[in-house]
Amino acid sequence: MSSHQNTLKVGNLEWFYRETSPENTDKLPIVLLHGLVSQSYSWRRLMQELVAQNYRTIAPDWIGSGFSSKPDKRNFAYTPDAFITELSQLIEALEVNRFHLVVQGFLGSVGLQYALRHPDKIERLMILNTPVSTEAKLPGKVQQMGLPFIGDMMAQDPLLVDRTLEGGSRYVIEDRDLDVYRRPFLQASASGRALIATIKNLQLKQAMNEIVSGFKTWDHPTQIIWGAADPWLTIEQAQAFASLIQGSELVTLEKAGHYPQEHWPQEISEAMLLFLRKKAV
């Protein structure tokens, strides 16, 4: 098996993505989409668990996040529609025709919107602590980043990353890992500006209406894995969403928080692998 960090220019934008590949496999690949204020690095341990079971995995940094391009807001709208368009082009450029999709966090909702608009691309869907309810709201500190002046100051503070990731997960993250999460913010102010633009244009209310309405008729195998200690998105929201999707499976991780893949990759991979092996009904 191999593990790579790659960049791929699609149109005018450059995507950074991590990929693990088994030597030979006939299994569909797994695409993993991260949330705020995170990056593809959050999937590193889970990707190793999955590739060990002969799955190719692909985890991009969203445009505006991690080590992908951070275009000026005049050149990229940072709306769900803009993200979905660019993600669609990335998937085509990678020549991935059909895949399993994993989403997490407050950009994971864009992944769910992508799935609803491109159901022919999705074989199975796995959702980790992603807003899936009209009651979902951005965390207070994240909302503040969308305010004039206050947001500008907050988004240029590298410790913002530490506070958000550790506050959401409710566990300490090792310094060597935080160094990777902080690096884009230390390298250029464009990271902070892109984060602010993303928060301002996430259109969460409209997105939740689309997701709740659209998934009532979703017929793809779906698994919801939920960190019940999430301080921002409640287990009740996950339960209500699971009830919308016929045949969906809800797995609860009692001690996990908003970023469950950071501290619970083995438990998540075990649940995912059982789900992926099940025959579709």
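How much of the pair distance distribution for the stretch 125-231 lies past 18 Å, counting alpha-carbon pairs only, in percent?
Value for the stretch 125-231 (Cα pairs over 18 Å): 60 percent.
Rounded, prolate or oblate, given the Cα gyration tensor of the stretch 144-192, with a/c below 1.5 counting as rounded? Could you put the intermediate results ahead of the total?
Numbers: a/c = 3.54, a/b = 1.41, b/c = 2.50.
Note, shape of the stretch 144-192 comes out oblate.
Checking the cross-link pairs LYS205/LYS255; LYS205/LYS278; LYS70/LYS137; LYS27/LYS216; LYS27/LYS255; LYS70/LYS200 against a 22 Å limit on the alpha carbon distance flags LYS205/LYS255; LYS205/LYS278; LYS70/LYS137; LYS27/LYS216; LYS27/LYS255 as lying beyond it. For the stretch 36-82, the Cα-based Rg and Dmax, in that order, read 13.8, 43 Å.
For the pair HIS118 and LEU274, what calculated FRET efficiency results from E = 1/(1 + (r/R0)^6), where r is the Cβ-Cβ distance and R0 = 22 Å, to the nearest 0.05? Display every interim value, and only then the final one.
Details: r = 26 Å, r/R0 = 1.18.
Once the sixth-power term is evaluated, E becomes 0.25.
Taking a label point 7 Å from the Cα of ALA188 along the Cα→Cβ vector, which residues of the stretch 31-61 have an amide N closer than 15 Å to it? From the stretch 31-61, the list is 61.
In plain terms, the bigger the Kirkwood radius, the slower the diffusion; for the stretch 183-281, with that radius from Cα pairs, at 37 °C and 0.692 mPa s, Stokes-Einstein puts D at 207 µm²/s. I need the shape label for the stretch 173-227. Rule: rounded when a/c is under 1.5, else prolate if a/b > b/c, else oblate, with a, b, c from the alpha carbon gyration tensor. Taking the square roots of the gyration eigenvalues as a ≥ b ≥ c, the stretch 173-227 is oblate.
Taking only the C-alpha atoms, wrap a convex hull around the stretch 1-43 and report its volume per residue in Å³ as a whole number. Please list the in-between numbers first.
Numbers: hull volume 4.3 nm³, N = 43.
Cα convex hull per residue, to the nearest whole number: 99 Å³.
Distance from a point 7 Å along Cα→Cβ of LYS200 to each backbone N in the stretch 70-92: keep the residues under 13 Å and list them by number. Residues 72-79 fall inside that zone.
The Rg/Rh ratio of the stretch 17-102, with both radii computed over alpha carbons and Rh defined as the Kirkwood radius, is 1.00. The modelled label-to-label distance for the pair LYS73/GLU166, using points 7 Å beyond Cα in the direction of Cβ, is 3.0 nm. Between ASN97, ASN12, ASN209, the GNM of the chain built on Cα springs shorter than 10 angstrom shows ASN12 fluctuating the most. Each peptide in 183-192, 52-61, 38-47 gets a packing score, the mean of other Cβ atoms within 10 Å over its residues, and the list from highest to lowest is 38-47, 52-61, 183-192.
We did not get these values from a lab; they are worked out from the coordinates using the rules stated. Everything numeric in this text was worked out from a predicted model, so none of it was measured. Don't worry about glycine lacking a Cβ; one is built from the backbone with ideal geometry, like all the others, and counts go over all protein chains shown.
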